[in-house]
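Peer 1: Before anything else, here's the structure in question.
The values are calculated or read from the model by the stated rules, or taken from the named source; none is laboratory data. All values reported here derive from a predicted model rather than from experimental measurement. Cβ placement follows ideal geometry from the backbone for every residue including glycine, while neighbour counts extend to all protein chains displayed.
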Amino acid sequence: MIDLSRVKNYYVACGYTDIRRGIDGLAEIVMRQYGTELDEESLFLFCGRQTDRIKALYYSGDGYVLLYKRLNNGRFQWPRNAEELRKLDAQAFRWLMEGLQIGQPKAIRKVKKKCMF
């Protein structure tokens, strides 16, 4: 059984990735290009030129898991501005998976509690 409940860090490989790559090719990108290690708390997302499909790479402790998602209708709002690894919070990850932009300018964000009096 694949348990993704331990994932706390969601990373997006901005820009284009050759989506034909498998586990070894994507793991090589994470380690060599971004200098990051795969662990049980991180999920790495990749998208090719066709933005209707993505791949996710996850290390489950005893091996690697490659997840693939293809949308039937619509496209992912993938950040294409740079060749960087961008960290997302859980809310931004949900927005991305729902086809929304990562940065929702009108979303109400949690803030520190203020004294009302």
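Peer 1: Any idea which residue in segment 42-84 is nearest to Met31 (Cα to Cα), counting only those that are of a type in the set (Gly, Ala, Ser) and modelled with pLDDT of 90 or more?
Peer 2: Taking the candidates together, the pick is Ser42.
Peer 1: While we're on this one: With the condition kept exactly as written, say whether any residue in segment 65-79 is part of a strand (DSSP E or B), touching a strand residue (DSSP E or B) at 6+ places or on another chain (Cβ under 7 Å), more than 13 Å from Cys14 (Cβ to Cβ) and basic (Lys, Arg).
Peer 2: Yes, segment 65-79 contains at least one residue that is part of a strand (DSSP E or B), touching a strand residue (DSSP E or B) at 6+ places or on another chain (Cβ under 7 Å), more than 13 Å from Cys14 (Cβ to Cβ) and basic (Lys, Arg).
Peer 1: When segment 1-32 is examined, which residues are found to be within 20 Å of Leu96 (Cα to Cα) and among the small types (Gly, Ala, Ser)?
Peer 2: Scanning segment 1-32 gives Ser5, Ala13, Gly15.
Peer 1: Let me ask you something else. If the requirement is being more than 13 Å from the chain's Cα centre (by Cα) and surrounded by 14 or more Cβ atoms within 10 Å (Cβ to Cβ), which of these qualifies: Asp52, Asp62?
Peer 2: Asp52
Peer 1: A further question on this structure: Among (1) surrounded by 12 or more Cβ atoms within 10 Å (Cβ to Cβ); (2) modelled with pLDDT of 90 or more; (3) out of contact with any strand residue (DSSP E or B) (no Cβ under 7 Å at 6 or more places or on another chain); (4) within 20 Å of Lys8 (Cα to Cα), there is one condition Gly25 misses while meeting the rest; what is its number?
Peer 2: With (1) surrounded by 12 or more Cβ atoms within 10 Å (Cβ to Cβ); (2) modelled with pLDDT of 90 or more; (3) out of contact with any strand residue (DSSP E or B) (no Cβ under 7 Å at 6 or more places or on another chain); (4) within 20 Å of Lys8 (Cα to Cα) applied to Gly25, the lone miss is (4).
Peer 1: Do you know which residues across segment 71-89 are exposed (fewer than 10 other Cβ atoms within 10 Å of the Cβ) and either small (Gly, Ala, Ser) or without any contact (Cβ under 8 Å) to a residue 60 or more places away in the chain (or both)?
Peer 2: Across segment 71-89, the qualifying residues are Asn72, Asn73, Ala82.
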